[in-house]
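See structure below.
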């Protein structure tokens, strides 16, 4: 269920701050969003997979914490990211 390197590059390319960016909040939020989409699709097919559901809830929580941090640090970037990702 993990994202491949090609999938990560495709999704995160517009949000990277520089070429080797892997730690910025924007980058991490985009990755969490993509993983959440994949897990949501998986859980629609496998409703009784409670271990994956727990992982999904943890990811949603981490993404929310990063969004809160980004809003404190750079409100414009947070609003743009929300708009672009639809969250």
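Please identify, among 50, 32, 15, the residue showing maximal mean-square fluctuation in a Gaussian network model of the chain using a 10 angstrom Cα cutoff.
Greatest mean-square fluctuation among the candidates belongs to 50.
With each label point set 7 Å from Cα along the Cα-Cβ vector, what nm distance links residue 38 and residue 69?
2.2
Taking 0.36 nm per residue of sequence separation and subtracting the Cα-Cα distance, how much length would be gained by fully extending the chain between residue 76 and residue 21, in nm to one decimal?
17.9 nm
Of the candidates 31, 43, 56, which one comes out as most mobile in a Gaussian network treatment of the chain with C-alpha springs shorter than 10 Å?
Looking only at 31, 43, 56, the largest GNM fluctuation is found for 43.
Most mobile of 58, 38, 20 per a Gaussian network model of the chain (Cα springs, under 10 Å)?
Evaluated over the chain, the most mobile residue of the options is 20.
What do you get for the angle between helix 75-85 and the principal long axis of the chain? Use alpha-carbon atoms, 0 to 90 degrees, nearest ten.
The helix 75-85 is inclined about 40 degrees to the chain.
Report, to the nearest 10°, how far helix 25-45 tilts away from the longest principal axis of the Cα atoms in the chain, using its own Cα long axis and a range of 0 to 90°.
In the chain, helix 25-45 runs at an angle near 20 degrees to the longest axis.
Taking the Cβ-Cβ separation of residue 60 and residue 2 as r and a Förster radius of 22 Å, what is the calculated FRET efficiency to the nearest 0.05?
Efficiency, from the Cβ-Cβ distance: 0.80.
Remind me, relative contact order of the chain in percent, using alpha carbon pairs under 8 angstrom and six or more residues apart?
Over the chain, the number comes to 26 percent.
Can you give me the pair-distance distribution of the chain, C-alpha pairs, 10 Å bins, whole percents?
16, 47, 29, 7, 0
The numbers here are math on the coordinates, done by the rules we state, and not lab data. These numbers come from a predicted model, not from an experiment. No Cβ is skipped: glycine too gets one built from the backbone with ideal geometry, and neighbour counts run over all protein chains shown.
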